[in-house]
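Data block below; observations after.
The values are calculated or read from the model by the stated rules, or taken from the named source; none is laboratory data. No experiment lies behind these values; they were computed from the predicted model shown. Cβ placement follows ideal geometry from the backbone for every residue including glycine, while neighbour counts extend to all protein chains displayed. Surface areas here come from the heavy atoms of the whole protein model, side chains and all, with no ligands, DNA or RNA. Shrake-Rupley method; radii C 1.70, N 1.55, O 1.52, S 1.80 Å.
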Amino acid sequence: MKKSPHPQWALKHKLKGTELRKIGNYYYLYEVTSKWNPEKKRSQKITGKLLGKITKERGFIESDKEKLRKQRIKIEKVQTKEYGFSCLLKDFLSSYVSLLQKHFPEQWQTIIALSYGRLLYQAPLKNIGFHFFHSYLSEDYSPIDLSGKSLGTFLKDLGYKRDKLVDFFREFSKANDCILFDGTDIPSESRKMSLCELGKSKKGTYQSLINSMFVFSVGLSIPVYYRILPGNIKDVKSFKLCLKESGVKDATIIVDKGFYSELNIKELDKAKLKYIIPLKRDSSLIDYEVIRTSNKEKFDGYFKYKGRYVWYYSIKHKNNKSVYVYLDEELKMDEQKDYLSRIENNIENYSLKKFYEKQHAFGSIALYLNNANANNPEKAYVHYKSRTEVENMIDILKNIVDADKSYMQNEQTLEGWMFINYIALHWYYKVYKLLLENDLLKKYA
């Protein structure tokens, strides 16, 4: 074997696929390959790129160009993943992660993945895995099966655990300012669920519906409980069941103006429930004589609500019932302007004669209360106005979280799906309040 002219300290860096060369006083290492030369009928050496320099003192020194080539290879393997919300969940919403780990130790990661996909992308089941893979959460969490078929089975299993869902609800139901909202209908495309009933929706059309009822904390500004009900169920029958299951001890039931009837009041009283019921302005239970006088001395008093002054007086009724009548003069001016503009635009059924008949009722709200709520007119008003917050919540549930229609084909899967949307709704409100507290709502939609 021919002895190499190169010193041993240089040869030890010569690996397979490389060639050592001495140029001047330095040794250099090159990449080398071979290629068959058909003309010469033998392999021919091909010298490639320079890998680096070799010195006795420092050994192999990688060339700058080789360092750049390796860096480029590493950059090509980098994946771009969403990190903002993942970081927010880890830091700001960490209490939800802890609670889900507590109540769903085997399922919490999948619940978070589903809730993440619903809130950020309103994603159907088939797209959840795609969005989760492109989130940094997929780096933090252990591998989970997020295929559409697997998630369908997962939601069904989750829906069977209603007791676990209720235990989770009760983590938030310690507030003493809760209202029970009379629910909202959700159109369903299922033909298999017993929950689906033909009913008249809020839009006035007859559809296959399911209904949902919420307990809402005014102070926390979040729902602390929900229950899915048949679409045509009478709300009175479900109020007591919902309060019992939720564990909320002191909730006030707030319904819409069409709810009042002697039968409904009788049922509420029989169940010993607290309630606030708005009355239609033409209700015989309302006496507008105090408003007609325009004499503020005739009112019981006033309070300030969101920068506006509201005057009120009470009307006592039998069986310890009361009607509180409120007058918001800014609202009165707005309603008068609106009515008069409709007259000017020749809108049907609007006339000056009817304006004179209605003028005393403009700007007024009348609330029918049982004795449990009749000792604090300001609190009753604030509770009633919180209904607007609940209606906003339902609007967010249907339009932001995109849960305005159900395609689930059995009750357990629907239950699991509603729970996922419930978590997403909580997260929305937490982020919304964070933006509100830092005066950022004008900057971020």
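Quick notes on this one:
- Applying the condition of being open to solvent by 50 Å² or more (accessible area, probe 1.4 Å) and not in a loop (DSSP other than H, G, I, E, B) to the stretch 242-291 and asking which residue is nearest to Phe169 (Cα to Cα) yields Lys244.
- Qualifying positions in the stretch 43-62 - part of a strand (DSSP E or B) and of a type in the set (Asp, Glu): Glu62
- Among (1) more than 22 Å from His383 (Cα to Cα); (2) surrounded by 12 or more Cβ atoms within 10 Å (Cβ to Cβ) - the single one Asn345 does not satisfy: (2)
- Odd one out for Ile423 among (1) under 11 Å from the mean Cα position of the chain (by Cα); (2) open to solvent by less than 50 Å² (accessible area, probe 1.4 Å); (3) at pLDDT below 85: (3)
- Residue check for Val97: β-branched (Val, Ile, Thr), without any contact (Cβ under 8 Å) to a residue 24 or more places away in the chain, open to solvent by less than 70 Å² (accessible area, probe 1.4 Å) and touching a helix residue (DSSP H, G or I) at 6+ places or on another chain (Cβ under 9 Å): yes
- For the condition part of a helix (DSSP H, G or I) and free of Cβ contacts under 8 Å to residues at least 60 places away in the same chain, Val78 does not qualify.
- Within the span defined as the stretch 81-89, one or more residues are in contact with a strand residue (DSSP E or B) (Cβ under 8 Å, 6 or more places away or on another chain), in a helix (DSSP H, G or I), among the small types (Gly, Ala, Ser) and under 30 Å from Leu119 (Cβ atoms).
- Filter result for Phe60 (touching a residue at least 40 places away in the same chain (Cβ under 8 Å) and farther than 30 Å from Ile112 by Cβ): yes
- Take the conditions (1) exposed (fewer than 12 other Cβ atoms within 10 Å of the Cβ); (2) in contact with a Cys (Cβ under 8 Å, 6 or more places away or on another chain); Tyr136 misses just one of them, which is (1).
- Residue list for the stretch 310-329, filter: open to solvent by 20 Å² or more (accessible area, probe 1.4 Å), part of a strand (DSSP E or B) and either among the polar types (S, T, N, Q) or modelled with pLDDT of 95 or more (or both): Trp311, Tyr312, Ser314
- A single member of Lys126, Lys65, Lys22, Lys40 is open to solvent by 70 Å² or more (accessible area, probe 1.4 Å), assigned to a strand (DSSP E or B) and either of a type outside the set (Asp, Glu) or modelled with pLDDT under 90 (or both), and it is Lys22.
- So Ile365, is it modelled with pLDDT of 90 or more, in contact with a helix residue (DSSP H, G or I) (Cβ under 7 Å, 6 or more places away or on another chain) and over 14 Å from Tyr275 (Cα atoms): no
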